[in-house]
Amino acid sequence: MPRVYNFSAGPAMLPAEVIEKAASEMADYQGTGMSVMEMSHRSKEFVSIAEKAEADLRELLRVPENYKILFLQGGASSQFAMVPMNLLRGKTTADYINTGYWSKKAIAEARRFCEVNIAATSEDTNFTTIPPRDSWKLNPNAAYVHYTPNETIGGVEFHEVPDVGDVPLVADMSSTILSRPIDVSRFGLIYAGAQKNIGPAGLTIVIVREDLIGETIKNTPTMFDYATHAKANSMYNTPPTYSWYIAGLVFEWIKEKGGLEKMAEINRRKAEKLYNFIDSSDFYNNPVDPKCRSWMNIPFTLANPELDSKFLELAKEAGLVNLKGHRSVGGMRASIYNAMPEEGVDALINFMQEFEKNHT
Ligand SMILES: *Cc1c(COP(=O)(O)O)cnc(C)c1O
């Protein structure tokens, strides 16, 4: 069975080279006679896999020395709670920017712990824009400012890091991390579920400035305290070992491909191709303001929604799968993370052209 082009938003496709390498090492990892899945997380083999992965991620993102990288579980959704539990540090309020579905989830969870100031929202445009920075009403007493650099469902992305002064900036980078270089020093904390652009589900990456760790709210469970994991190099308890190993293979793959500058160049080109095609057609539409269109998740609708199921059926026959849009917005969505080859985007555009021709 040949591999398909998988446009799933997450878990998403992994690079073919990574799948092949993992397959070749599956039963016997480098002469150990066992799979990485069967290894003690305290064994010297696994510790070296873990340390190499962390070092490669640190190199790729140029993470400064005074930041910890944590390899956790619980998904980005757990971070919606862990962020306020750890970063309020005696304060009672935090600023949130509301740009769509995932922002709202983060906001709802933060409200369990503190007063949430919605400093800006694009709800009035149905989340097809990003509120301009000069319209934000930030609270100088906020413990932190939280935003979602890429809204995976709406397909809206910040193409610049907003300036929020000295208040720590917190970013849910689940669907954009590693898609381009970023200046980590601009952030207090970055978190991301792995299953979009890093590796398999089950692993959650947190990059946090050291001085923000260690002052949790009362009764914070041990496992929800960043200090627990920072002190133990993410081995306080059993980490998601296999996901960590695969993430390490993905980091190696990105390095071999030329790093994040190269990823950015390819990602921009892939996205522009698809948007240009959608904009050139009356048959397809993307509602997002061109200034903040996502490089990673491209939602689009058909002018005649009665053709949706036919589109999905024929796309699948052509080896283009998981194009159905999120249930909250309908239509289609093409998620084109790092692992989606440019040929996959070309194949999608060819298919869309052909489909349009045969249905107008
Ligand atoms: C997928 C996603 C989440 C949810 O991630 P889980 O790891 O499933 O909890 C949160 N935020 C964003 C931006 C996402 O894309």
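The values are calculated or read from the model by the stated rules, or taken from the named source; none is laboratory data. Values in this document were obtained by computation on a predicted structure and should not be read as measured data. A quick note on method: Cβ atoms are made from the backbone with ideal geometry, for glycine too, and the neighbour counts reach across all protein chains shown. Only protein heavy atoms, including side chains, enter the accessible area calculation; ligands, DNA and RNA are left aside. Shrake-Rupley method; radii C 1.70, N 1.55, O 1.52, S 1.80 Å.
Note on the chain: with charges restricted to the Cβ of Lys and Arg (+1) and Asp and Glu (-1), its dipole about the Cα centre is near 640 debye. Close amide H pairs (under 5 Å, H built 1.01 Å from N) link ARG293 with GLU157, residues at least 5 positions away or on another chain.
For the residues ILE336, ILE213, ILE97, a GNM of the chain with alpha-carbon springs under 10 Å puts the largest fluctuation on ILE213. Within the stretch 196-276, the GluC sites (Glu not before Pro) that combine a DSSP coil assignment with at most 16 other C-beta atoms in a 10 angstrom radius are GLU215.
Only helices enter the 222 nm calculation for the chain: every DSSP H run of n ≥ 4 contributes -39,500 (n - 2.57), and dividing by all residues gives -10500 deg cm²/dmol, rounded to 500.
Sum up the charges of everything whose Cβ sits under 14 Å from the Cβ of ARG333, counting Lys and Arg as +1 and Asp and Glu as -1, but leave ARG333 out. Mind dumping the intermediate values first?
Numbers: positive: LYS196, ARG293, LYS324, ARG327; negative: GLU151, GLU157, ASP308.
Value of the local net charge: +1.
Is the chain rounded, prolate or oblate when judged by the Cα gyration tensor, a ≥ b ≥ c being the square roots of its eigenvalues, rounded requiring a/c under 1.5 and prolate requiring a/b larger than b/c? It would help to have the intermediate numbers written out before the result.
On the way: a/c = 2.07, a/b = 1.16, b/c = 1.78.
Oblate is the answer for the chain, as a/c is 1.5 or above yet b/c matches or exceeds a/b.
For the chain, set up a Gaussian network in which alpha carbons nearer than 10 Å are linked by springs, and say which option among ILE254, ILE19, ILE198 fluctuates the most. Taking springs between Cα atoms under 10 Å, the residue moving most is ILE19. Take every DSSP beta bridge whose two residues both sit in the chain, then give the antiparallel share in percent to the nearest 5. About 55 percent, rounded to the nearest 5.
Once you list every other residue whose beta carbon is under 14 Å from the beta carbon of VAL321, what net charge do they have if Lys and Arg are +1 and Asp and Glu are -1?
Details: positive: ARG3, LYS316, LYS324, ARG333; negative: GLU313, GLU317.
After counting each charged neighbour, the total is +2.
Among the protein heavy atoms, those of LYS137 account for about 150 Å² of accessible surface (1.4 Å probe, every chain in place). Take the chain with all the other protein chains still there, run a 1.4 Å probe, and you get 44 Å² of accessible area per residue. Take the solvent-accessible surface of the protein heavy atoms, probe 1.4 Å, and return the percent of it on the stretch 1-123 that carbon and sulfur atoms account for. Result for the stretch 1-123: 52 percent of the exposed heavy-atom area is carbon or sulfur. Taking the 1.4 Å solvent-accessible surface of the stretch 283-360 as the whole, the part contributed by carbon and sulfur is 50%.
Here the stretch 307-360 was treated as a single set of alpha-carbon atoms; its pair distances binned every 5 Å from 0 give 4, 18, 30, 26, 16, 6, 0 percent.
Ranking ILE177, ILE198, CYS114 by how far each Cα lies toward the positive end of the dipole of the stretch 17-256 (charges on Cβ) leaves CYS114 at the top.
Holding the Cα-Cα limit at 29 Å, pick out from LYS52/LYS105; LYS68/LYS218; LYS52/LYS218 the pairs that are longer than that. If you can, show how the numbers build up before the last one.
Values: LYS52/LYS105 33 Å; LYS68/LYS218 23 Å; LYS52/LYS218 35 Å.
In this structure, LYS52/LYS105; LYS52/LYS218 lie more than 29 Å apart at Cα.
Of the DSSP H helices in the chain, those with a Cα length along their own long axis of 15 Å or more and a mean Kyte-Doolittle hydropathy reaching -0.5 comprise 44-61, 75-87, 241-257.
Once you keep just the Cα pairs under 8 angstrom separated by 6 or more residues, what percentage relative contact order results for the chain?
Values: 650 pairs, mean separation 83.3, N = 360.
With pairs under 8 Å counted, the relative contact order is 23 percent.
In this structure TYR337 has an accessible area near 10 Å², from a 1.4 Å probe over the protein heavy atoms.
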